[in-house]
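A.B. asks: Here it is, the structure in full.
The values are calculated or read from the model by the stated rules, or taken from the named source; none is laboratory data. Quick caveat: nothing in here was measured; it's all calculated off a predicted structure. For neighbour counting, all protein chains shown are included, and Cβ atoms are generated from backbone atoms with ideal geometry for every residue, glycine included. Only protein heavy atoms, including side chains, enter the accessible area calculation; ligands, DNA and RNA are left aside. Shrake-Rupley method; radii C 1.70, N 1.55, O 1.52, S 1.80 Å.
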Amino acid sequence: MSLQYLKDAAAAGDPEKLIRYVRLHFGDGNEEAGRREIDKAWIEALKPLLDVPPTDREFILETIRTRDPATLAHLFFHLHFYLVQRSGEWIHDGNL
Amino acid sequence: MTETSDGGGGPPRVAQLRPGLWDTVNERYPGSMIDKADFVPLAPLRKPLSECRLVFISTSGVQPKGSMPFDTVHPVGDYSFRRVPSASRPDELEIHQLKYPTASANRDLNVIFPLDRLRELADEGVIGGLAENFYTFIGYNMDPERLERTLAEDIAAAVSEEGADIALAAPA
């Protein structure tokens, strides 16, 4: 899938093409694996919060307030891979 | 690529060996929309191989330790390249690349980035020597136009400045 393909999908309001691309990206070309990877990341995001430990909300809110949407979106992709790596189940062949 | 003649007495044209290649890519990867009718003909060798300085260009994601890691998480890819000194030792380099198995390369970098083998070819006089730097990037780039317009052009310009005579380009 090319960038233009994704831009056209975004312009046409075709979320299925966009999320399919994300799944393929996270699943190294395997859409079903990508779907599981997304679930895995959310599970890993939930676990550390179950005991309600103190978190640095000032950092979070300051980051969201001061950074541009593209940087935050990029951070979101980084956090996905950080969380799946933290899970200990690494499906990817290579290194981050 | 093969050489063909247009029958007009001019220099032979170089034809693509697999003219249907992009059709195949587009069929297997719907939406990739690669459309490339033109191609760059192979440049003829201007001096003996044993006198040529070689530059190695690789999509392996190999880079000097401490340099900014290739962006392996960006959904559209990373269009930057790294210079890797050809005098580097393997333990001075690391791999940032998600899309191919790196286990063997982490044991012996030469399987993907043949530093030692190329130095041996230079020492044996098979090639004239190595360019000061090799060039690497990652192959996960979803915008072919940007890839050609920026990354390929940037590397070509850098390689030209190196004074390399020949380039060995290897996908990972």
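A.B. asks: Report in % the part of the accessible area of the stretch A:3-86 that belongs to carbon and sulfur, leaving out ligands and nucleic acids; probe 1.4 Å. Before the final figure, lay out each step's value.
C.D. replies: Working: 3620 of 5900 Å².
Solvent-exposed carbon and sulfur of the stretch A:3-86 make up 61 percent of the total.
A.B. asks: Could you work out the equivalent-ellipsoid semi-axes for the stretch A:15-96, taking the square root of 5 times each eigenvalue of the Cα gyration tensor, largest first, in whole Å? List each step's numbers first, then the result.
C.D. replies: Numbers: eigenvalues 116, 61, 26 Å².
Value: 24, 17, 11 Å, ordered largest first.
A.B. asks: Accessible area drop of at least 50 Å² (1.4 Å probe, protein heavy atoms): which residues of the stretch A:1-50 qualify, relative to the chain alone?
C.D. replies: Going by heavy-atom accessible area, the residues of the stretch A:1-50 that drop by at least 50 Å² are A:Met1, A:Ser2, A:Leu3, A:Tyr21, A:His25.
A.B. asks: Next up: Order A:Lys40, A:Lys17 by their accessible area, 1.4 angstrom probe, all chains in place, largest first. Display every interim value, and only then the final one.
C.D. replies: Numbers: A:Lys40 25, A:Lys17 80 Å².
The residues order as A:Lys17, A:Lys40, largest area first.
A.B. asks: Let me know the shape class of the stretch B:71-160, please: from the alpha-carbon gyration tensor, a ≥ b ≥ c as square roots of the eigenvalues, rounded when a/c is under 1.5, otherwise prolate if a/b is greater than b/c, or oblate. Let's see the in-between values first.
C.D. replies: On the way: a/c = 2.65, a/b = 1.38, b/c = 1.92.
Here the stretch B:71-160 falls in the oblate category.
A.B. asks: Work out, step by step, the length gained on full extension between A:His74 and A:Arg57: first 0.36 nm times the residue separation, then minus their alpha carbon distance; give nm to one decimal. Don't skip to the end; give the middle numbers.
C.D. replies: Values: separation 17, 0.36 × 17 = 6.12 nm, distance 1.96 nm.
Stretched fully, the A:His74-A:Arg57 segment lengthens by 4.2 nm.
A.B. asks: How well do other chains shield peptide A:76-82, expressed as the mean number of their Cβ atoms within 10 Å of each residue Cβ? Display every interim value, and only then the final one.
C.D. replies: Details: counts 1, 5, 4, 1, 1, 3, 1.
That works out to 2 on average.
A.B. asks: I've got another one for you. So for chain A, averaging the separation of alpha carbon pairs under 8 Å that are six or more residues apart and normalising by length, what relative contact order in percent results? Walk me through the numbers before you get to the answer.
C.D. replies: Working: 51 pairs, mean separation 21.7, N = 96.
Relative CO of chain A lands at 23 percent.
A.B. asks: Summing Lys, Arg as +1 and Asp, Glu as -1, what charge do residues with Cβ under 13 Å from the Cβ of B:Leu115 carry, B:Leu115 excluded? Don't skip to the answer; put the middle values down first.
C.D. replies: Details: positive: B:Arg89, B:Arg117, B:Arg119; negative: B:Asp91, B:Glu92, B:Asp108, B:Asp116, B:Glu120, B:Asp123.
Result for the neighbourhood of B:Leu115: -3.
A.B. asks: Summing both sides, how much accessible area is buried between A and B? Use a 1.4 Å probe and give Å² to the nearest 100. List each step's numbers first, then the result.
C.D. replies: Numbers: alone 7440 and 10870 Å², together 16420 Å².
Using a 1.4 Å probe, the pair buries roughly 1900 Å².
A.B. asks: Report, ordered by chain and residue number, the lysines lying within cross-link reach of A:Lys17, taken as a straight Cα distance under 27 Å and ignoring same-chain residues fewer than 8 apart.
C.D. replies: Of all the lysines, those that pass the test against A:Lys17 - Cα under 27 Å, at least 8 places apart if same chain - are A:Lys7, A:Lys40, B:Lys36, B:Lys99.
A.B. asks: Summarise the partner chain shielding of B:123-133 as one whole number: the mean count of Cβ atoms from other chains within 10 Å of each residue's Cβ.
C.D. replies: Across the residues of B:123-133, the mean count of other-chain Cβ atoms within 10 Å is 0.
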